[in-house]
Protein chains: 2
Amino acid sequence: MANKLKFERNEVVRTAGQLFWQKGFNATSTRDLQNATNMRPGSIYAAFGSKEGLYCEALKDYAQLMEGQLSQAINEHNCVLDGLASFVTRVLIEDADCAPSRLCMLIKANNEFTQNEPALKVLSVDLANEFEAFLTTLFKQAQHQNELSTDLSALEYARYFQIQFTGLRSYLNRPDTQALASSLIDQMFASLKQL
Amino acid sequence: MANKLKFERNEVVRTAGQLFWQKGFNATSTRDLQNATNMRPGSIYAAFGSKEGLYCEALKDYAQLMEGQLSQAINEHNCVLDGLASFVTRVLIEDADCAPSRLCMLIKANNEFTQNEPALKVLSVDLANEFEAFLTTLFKQAQHQNELSTDLSALEYARYFQIQFTGLRSYLNRPDTQALASSLIDQMFASLKQL
DNA sequence: TTTGATTTTGAGCGATCGCTCAAGTTAAAA
DNA sequence: TTTTAACTTGAGCGATCGCTCAAAATCAAA
């Protein structure tokens, strides 16, 4: 009894997420989303409740995807730092051309939202903290495997990694900087190891 | 012959700039600007032409202000690196609480605008490149004074500084991170010196 | 083949957007 | 004092915003 859904929820979330990632939350209109997903407003609102609801789901999907890619990169390498470098290379070189932005969608969210959009601000902060916690476990593992000193805590390494990664992504977001990507990634890991 | 302007142009630009810096271009409405500047739409449009025109002037004002503060910090110290550290400390600690955002307004602009707003994108990129050029002259000076090695070019130092600074500002934009500012700034300059 | 719960559709709502301009106000020049 | 160019005012324009909902379409169960 009933009519079946005519769309694949995950696919819609992914498509909407690409738009949000590229243009930001405010600059993406519901008409943009309707065109990109080929859905009528009624269907979107029945499925996601609001533009904000769809955005939340897209942001969570992005965070999960990134954690998945990072996990995969770690598992494919014997040492943690190689896995991290592989992940960074994938994000900033291999997948860079088909991504909607050089910037991390989570960081873009953190930058865009203020106290005026409390729910979205809190969500983006929570997801960023969750990612930081994941990174911290990885750096703890790196220290156990003697890849890094224990002069700094794993959390301090995780903070430094995020600062470098975020700054690098912001820099590579500028026009005509792609050729610098490889050597700047090398520089990032070299400086990490000497901390 | 005529009526005099009832507002101080620089003051209006500064006030509008604070709003734009905090909320971003898209999320700042012309009504917000009217309230903040206590001007009626007609006066704003007579003076600046458009919301975009006002934003451009505010962004240029911001860039000029930052270059001025950096110049001042450099002049007040014998060595360039001390001047840079003083500037970073001012931005991220001393002036942090009264600033509209921990993020650099130029970087926020770079993050927000896409090819859909070509004029604003180009302006923000140009201003960022101008700032990079200024930093490069400073690092050249630092090398001449034997504060830094010449293994890297001055431009490479400038790039690294921007990456670190941007990443750090993004990190300190997260809630409850202010206590970390001082030691992260130290870490930033320590890693810069051993490049 | 009905029935009926579920989903899709799209016209269009009220709100807000960036912005305009005719009318009013101001003050220097005549 | 009168004139007049410059500036301010604010009602409100057309466009677009996020979103709603009655009607049509759809399909599993009866």
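The values are calculated or read from the model by the stated rules, or taken from the named source; none is laboratory data. Model, not experiment: these values are computed from the prediction. FYI the Cβ positions are ideal-geometry reconstructions off the backbone, even for glycines, and counts take in every protein chain you see. Surface accessibility is based on the protein's heavy atoms, side chains included, excluding ligands, DNA and RNA. Shrake-Rupley method; radii C 1.70, N 1.55, O 1.52, S 1.80 Å.
Things worth noting here:
- Across segment A:119-195, Cα-Cα pairs farther apart than 17 Å form 53% of the total.
- Accessible surface of A:Glu67, taken over heavy atoms with a 1.4 Å probe and every protein chain present, rounds to 40 Å².
- When only alpha carbons are used to place a centre, segment A:32-94 and segment B:56-80 end up 38 Å from one another.
- Student exercise, segment A:1-69 dipole from Lys, Arg, Asp, Glu Cβ charges, in Debye to nearest 20: 280 debye
- FRET efficiency for the B:Ser29 to A:Asn35 pair, using the beta carbon distance and R₀ = 25 Å, is estimated at 0.55.
- Cβ-vector label at 7 Å, B:Gln178, separations to other copies in nm: 4.2
- For the residues B:Leu65, B:Leu155, B:Leu106, a GNM of chain B with alpha-carbon springs under 10 Å puts the largest fluctuation on B:Leu65.
- For chain A, a simple Cβ point-charge model (Lys and Arg +1, Asp and Glu -1, everything else neutral) yields a dipole of about 700 debye relative to the Cα centre.
- Cross-link pairs beyond the 20 Å C-alpha cut-off, checked among A:Lys23/B:Lys121; A:Lys108/B:Lys108; B:Lys60/B:Lys140; A:Lys121/B:Lys51; A:Lys121/B:Lys121: B:Lys60/B:Lys140; A:Lys121/B:Lys51; A:Lys121/B:Lys121
- Square roots of 5 times each gyration tensor eigenvalue, C-alpha, segment B:68-123, largest first, Å: 29, 14, 8
- Choice from B:Arg90, B:Arg169, B:Arg40 showing the highest fluctuation, given a GNM over chain B with Cα pairs closer than 10 Å: B:Arg40
- GNM flexibility winner over chain B from B:Gln162, B:Gln143, B:Gln115 (Cα, springs under 10 Å): B:Gln115
- Rounded to the nearest 20 debye, dipole of the protein assembly as shown from Cβ charges on Lys, Arg, Asp, Glu: 1380 debye
- Per the axis that maps chain B onto chain A, nearest residue of B (Cβ criterion) and its distance in Å: B:Gly167, 1
- Cα-based shape type of the protein assembly as shown, given that a ≥ b ≥ c are square roots of the gyration tensor eigenvalues and the cut on a/c is 1.5: oblate
- Relative to the dominant Cα principal axis of chain B, helix B:9-23 is inclined by about 70°.
- Cα-Cα separations in segment A:57-193 greater than 22 Å, expressed as whole percent: 38 percent
- Helical runs assigned H by DSSP (4 residues or longer) give chain B a calculated mean residue ellipticity at 222 nm of -22500 deg cm²/dmol, each run adding -39500 (n - 2.57) before division by the residue total.
- Label-to-label distances for A:Arg31 across copies, nearest first, come out at 2.0 nm, using points 7 Å from Cα in the beta-carbon direction.
- Panel note: the C-alpha atoms of segment B:27-135, placed on their principal axes, show extents of 49, 31, 21 Å (largest first).
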